[in-house]
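See below for the structure under consideration.
Just so it is clear, none of the values below were taken in a lab; they were calculated from the coordinates. This structure is a prediction, so every number in the text was calculated from the model and none was measured. Note: ideal-geometry Cβ built from the backbone for every residue, glycine included; neighbour counts use all protein chains shown.
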Amino acid sequence: MIDVKHLSKSFGEVEVLKDINETIDKGEKVVIVGPSGSGKSTFLRCLNLMEKPTSGDIFFEGENITQANEHEMNKLRQRMGMVFQHFNLFPHLTIKKNITLAPVKLGLMTADEADKKAEELLERVGLPDKADEYPSRLSGGQKQRIAIARSLAMNPEVMLFDEPTSALDPEMVGEVLELMKQLANDGMTMVVVTHEMGFAREVASRVLFMADGKILEQNKPSEFFAHPENQRLKDFLSKII
Ligand SMILES: Nc1ncnc2c1ncn2[C@@H]1O[C@H](COP(=O)(O)OP(=O)(O)OP(=O)(O)O)[C@@H](O)[C@H]1O
């Protein structure tokens, strides 16, 4: 579904991603772990071109999207939903409006259809009574569930999660991970950057270890955690588990 070929990304003189090659298949749940600053978020953001690769190519469903123009990029972002650490909800809009705004603006749905979709999604994320609230009235965990609902309103083919629970108080992490598990069980293709190793063990079809801008090791979770091979991964796991 997503093919990454010789992807490199530099910020100024600093090469943050170094010649990465990777394939993500439809239905996979790929979890990316690694030390801070290793390039995980940058890699994720390159997949939907929020960051423009310095060199290399990204293919989505067989099509090279690396040079997409703005119009194509917008289309692409509908197909690849993204959830951020800091939710990025519009504070001046109600929860329902936050969900319906983009699909209506982009002409994907009528206002009535979008309202119906928002109601379905609010039910799905367990917050049917929050439609008319403003984001400031919600807890962090609730805001993130709404941010996920907002992404799902576009009927994306893949969902990218960039440390979705890192900004949450510990007691709210579980509700967001639970929703992500539900999405995984529903068959969504997912790429998740996270420090939640329990989630990686339980949900990932594959775990990637990034360090110094490269994917140094990858495996199904049972092997990844029990039999790491790369010394950097062994050191990383010994510190966090
Ligand atoms: N827009 C930017 N401009 C300059 N440098 C950047 C930019 N974005 C990221 N970097 C640098 O690129 C490197 C990798 O950052 P990135 O956020 O991808 O790492 P990460 O593995 O996701 O880290 P963390 O787990 O701490 O979020 C870091 O050194 C960071 O400072």
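Can you bin the range 1-87 into rounded, prolate or oblate? Criterion: square roots of the alpha carbon gyration tensor eigenvalues sorted a ≥ b ≥ c, rounded for a/c under 1.5, prolate for a/b above b/c, oblate for the rest.
It comes out rounded by the Cα gyration axes.
Modelling each spin label as a point 7 Å along the Cα-to-Cβ direction, I'd like the residue 205/residue 93 distance in nm, to one decimal.
Taking the simple label geometry, residue 205 and residue 93 are separated by 3.2 nm.
Cβ under 10 Å from residue 138's Cβ, residue 138 left aside: what net charge do those residues give with Lys, Arg +1 and Asp, Glu -1? Kindly include the intermediate steps, with their values, before the conclusion.
Values: positive: 130, 137, 143, 145; negative: 133.
Cβ neighbours under 10 Å give a net charge of +3.
Listed highest first by mean packing, meaning other Cβ atoms within 10 Å per residue, what order do 80-86, 4-10 come in?
Details: 80-86: 19.7, 4-10: 17.7.
The packing order, highest mean first, is 80-86, 4-10.
Using a Förster distance of 35 Å, how high is the FRET efficiency between residue 139 and residue 59, based on the Cβ-Cβ distance and rounded to 0.05? Intermediate values should be presented prior to the final figure.
Details: r = 39 Å, r/R0 = 1.11.
With a Förster radius of 35 Å, E is 0.35.
Mind ranking 92-98, 51-57, 210-216 by how tightly packed they are, going by the mean number of other C-beta atoms within 10 angstrom, highest first? If you can, show how the numbers build up before the last one.
Working: 92-98: 18.3, 51-57: 15.4, 210-216: 19.9.
Output ranking for 92-98, 51-57, 210-216: 210-216, 92-98, 51-57.
Only helices at least 15 Å long along their axis, Cα-based, and averaging 0.5 or more on Kyte-Doolittle count here, so list those DSSP H runs from the chain.
Working: long enough: 95-105 (16 Å, 0.12); 111-124 (19 Å, -1.45); 140-152 (18 Å, -0.39); 170-185 (23 Å, 0.12).
Passing helices, by number: none.
Once you have the Kirkwood Rh of the range 60-203 from its Cα pairs, apply Stokes-Einstein at 10 °C and 1.306 mPa s and quote D in µm²/s.
Estimated diffusion coefficient is 101 µm²/s.
Grab the beta carbon distance between residue 167 and residue 67, set R0 = 30 Å, and tell me the FRET efficiency rounded to 0.05.
Values: r = 33 Å, r/R0 = 1.11.
So the FRET efficiency works out to roughly 0.35.
Using a Gaussian network model of the chain whose springs link C-alpha atoms within less than 10 Å, name the residue from 229, 163, 119 with the highest mean-square fluctuation.
Evaluated over the chain, the most mobile residue of the options is 229.
In nm, give the distance between the simple-model label positions of residue 181 and residue 132, each being 7 Å from the Cα along the Cα-to-Cβ direction.
In this crude spin-label approximation the distance works out to 3.4 nm.
Lysines near residue 220 by alpha-carbon distance under 26 Å, same-chain residues fewer than 8 away left out - which ones?
Correct list for residue 220: 5, 18, 26, 29, 40, 181, 234, 239.
Helix-only mean residue ellipticity at 222 nm, the chain, DSSP H runs n ≥ 4 weighted -39,500 (n - 2.57), per residue, nearest 500. What is it?
On the way: 9 runs with 95 residues, N = 241.
After summing the helix terms and dividing by the residues of the chain, the value is -12000 deg cm²/dmol.
Between residue 116 and residue 74, what FRET efficiency follows from the Cβ-Cβ distance if R0 is 35 Å, with the result rounded to 0.05? Could the numbers behind the result be given before it?
Details: r = 23 Å, r/R0 = 0.67.
Calculated value: 0.90.
For the chain, what are Rg and Dmax over the alpha carbons, in angstrom?
18.0, 55
Can you say what percent of the DSSP beta bridges in the chain, counting only those with both residues inside, are antiparallel? Round to 5. Write out the running numbers ahead of the final one.
Working: 19 of 36 bridges.
That works out to approximately 55 percent antiparallel.
Please list, in order, the residues from the range 162-200 whose amide nitrogen is less than 18 Å from a point placed 7 Å along the Cα→Cβ vector of residue 86.
Only 162-169 fall inside the zone, counting backbone N under 18 Å.
Cut-off 18 Å, label point 7 angstrom out along Cα-to-Cβ of residue 234: give me the residues of the range 194-222 whose amide nitrogen falls inside.
Once the point is set 7 Å along Cα→Cβ of residue 234, 209-211, 216-219 turn out to lie under 18 Å by backbone N, inside the range 194-222.
Among 40, 116, 130, which one shows the biggest mean-square fluctuation in a GNM of the chain, springs joining Cα atoms closer than 10 Å?
Top of the fluctuation ranking is 116.
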